[in-house]
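To keep things clear, I will list the structure first and then write my remarks on it.
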Ligand code: NAD
Ligand code: ZN
């Protein structure tokens, strides 16, 4: 089968032929239809220090996908060929104390699909049956392809109640923009979104943000935005150290921050200020398994439509163009098609 493979340290990935995976006893084999390119995949393409440390090569990469089950191992019950599925990209151990207590999102021996086990940027992927999410009827394929990323956004947006609260989102990449849209949908009374890129500020508009702030023009000042006090809730979605400092500075006393962004430098932090204003900062990783997935499906049923973040799609063999488009910042979510579109 064709697949995108990371061969080893350094820059680059290959579009090449590899043997199709054999599903194990508790796995399903999925014929991949569409996949989403995530920041993680860009790190792997570039061969950043994180990727060199973390990816066990050679490795078929990619974790955002939708496909159709074509076969199931002998030990799999309840899943059938033809079902349209995605999978939780964090494959948990099921034996650690957190997993056994039903907190799989806190498993500390997690394996990443497309990172430490062969992933979905391929014509076929094998995944454990317990990681599979069966889509409800009517989900558009492009949206299903990025359920993993949508899940990051929903996990963040649902961490603290936002109804009738003011929310500041720093970073309007695909995930930040979707989180802003979910906060809007959940009844926040004000959703403000900051970014430094005009394209991404436009994405924030499309998310339904009430206020769009160019962070390049200085720190966010709640008073200048007409707020008596700072923001009630913050979502850090940029991974930029100065955005996190900005966000902390813009919070009301008692404000609560859900922090998804992954800075690769140290973040200078005034801890006395955080203590004295009694701020809460909750780190966020991945999705809650499967609470977040049910929440996503319910949001779609309620009419929320995250497809506004999808800006481009390419056939898989045009992966170089697709990755370049995703990397240059004039795009939202970029989709790779593993079978031709009708
Ligand atoms: P992205 O890189 O596409 O978006 C980040 C956005 O932040 C960009 O639009 C960028 O212009 C903007 N930005 C940069 N500096 C800023 C500043 N000072 N103020 C405001 N905005 C600024 O990323 P994404 O795919 O949307 O992911 C968002 C973040 O979440 C990234 O840091 C990513 O690494 C991280 N992430 C974390 C997890 C997790 O499980 N914790 C999962 C996926 C992604
Ligand atoms: Zn575990």
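Yes/no matrix, rows are residues, columns are (1) crowded, with 24+ Cβ neighbours inside 10 Å; (2) touching a residue at least 60 places away in the same chain (Cβ under 8 Å); (3) more than 19 Å from residue 306 (Cα to Cα):
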position: 154; (1), (2), (3): yes, yes, no
position: 165; (1), (2), (3): no, yes, yes
position: 177; (1), (2), (3): yes, yes, no
position: 202; (1), (2), (3): no, no, no
position: 227; (1), (2), (3): no, yes, yes
For residue 221, state whether it is under 24 Å from residue 263 (Cα atoms), surrounded by fewer than 24 Cβ atoms within 10 Å (Cβ to Cβ) and modelled with pLDDT under 95.
yes
The range 61-78 - residue that is in a strand (DSSP E or B) and within 19 Å of the chain's Cα centre (by Cα) and, of those, farthest from residue 325 (Cα to Cα)
67
Which of the residues spanning the range 319-340 are under 20 Å from residue 33 (Cα atoms) and loosely packed, with under 15 Cβ neighbours inside 10 Å?
320, 321, 340
Scan of the range 298-316 for residues that are surrounded by fewer than 18 Cβ atoms within 10 Å (Cβ to Cβ) and part of a helix (DSSP H, G or I), ordered by number
298, 301, 307, 308
Just the residues that are more than 16 Å from ligand 1 (Cβ to nearest atom), farther than 14 Å from residue 133 by Cα and in contact (Cβ under 8 Å) with a residue 12 or more places away in the chain, please, taken from the range 78-108.
93, 94, 96
Under the condition of being part of a loop (DSSP other than H, G, I, E, B) and buried (at least 19 other Cβ atoms within 10 Å of the Cβ), which residue from the range 261-297 is farthest from ligand 2 (Cβ to nearest atom)?
279
Filter the range 238-286 down to the residues that are closer than 19 Å to residue 180 by Cβ and away from ligand 1 (no atom under 16 Å from the Cβ), then identify the one that is nearest to the chain's Cα centre (by Cα).
256
Candidates 108, 158, 142, filtered to the one that is surrounded by fewer than 23 Cβ atoms within 10 Å (Cβ to Cβ), over 22 Å from residue 35 (Cα atoms) and either away from ligand 2 (no atom under 16 Å from the Cβ) or at pLDDT 95 or above (or both):
158
Residues 215, 259: which one is within 28 Å of residue 299 (Cα to Cα) and in contact with a strand residue (DSSP E or B) (Cβ under 6 Å, 6 or more places away or on another chain)?
259
May I ask you to verify whether residue 132 is within 16 Å of ligand 1 (Cβ to nearest atom), within 18 Å of the chain's Cα centre (by Cα) and at pLDDT 95 or above?
no
Let me confirm something: among 30, 60, which residue is touching a residue at least 40 places away in the same chain (Cβ under 8 Å), within 25 Å of residue 342 (Cβ to Cβ) and either surrounded by fewer than 15 Cβ atoms within 10 Å (Cβ to Cβ) or assigned by TED's automatic domain parsing to the domain that holds residue 141 (or both)?
30
Restricting the range 179-200 to residues that are within 15 Å of residue 153 (Cβ to Cβ) and without any contact (Cβ under 8 Å) to a residue 40 or more places away in the chain, the one nearest to ligand 2 (Cβ to nearest atom) turns out to be 186
From 172, 149, 145, residue being under 30 Å from residue 228 (Cβ atoms) and within 16 Å of ligand 1 (Cβ to nearest atom):
172
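The values are calculated or read from the model by the stated rules, or taken from the named source; none is laboratory data. Since we're looking at a predicted model, the values are computed, not measured. With ideal geometry, Cβ positions are generated from the backbone for all residues, glycine too; neighbour counts draw on all protein chains shown.
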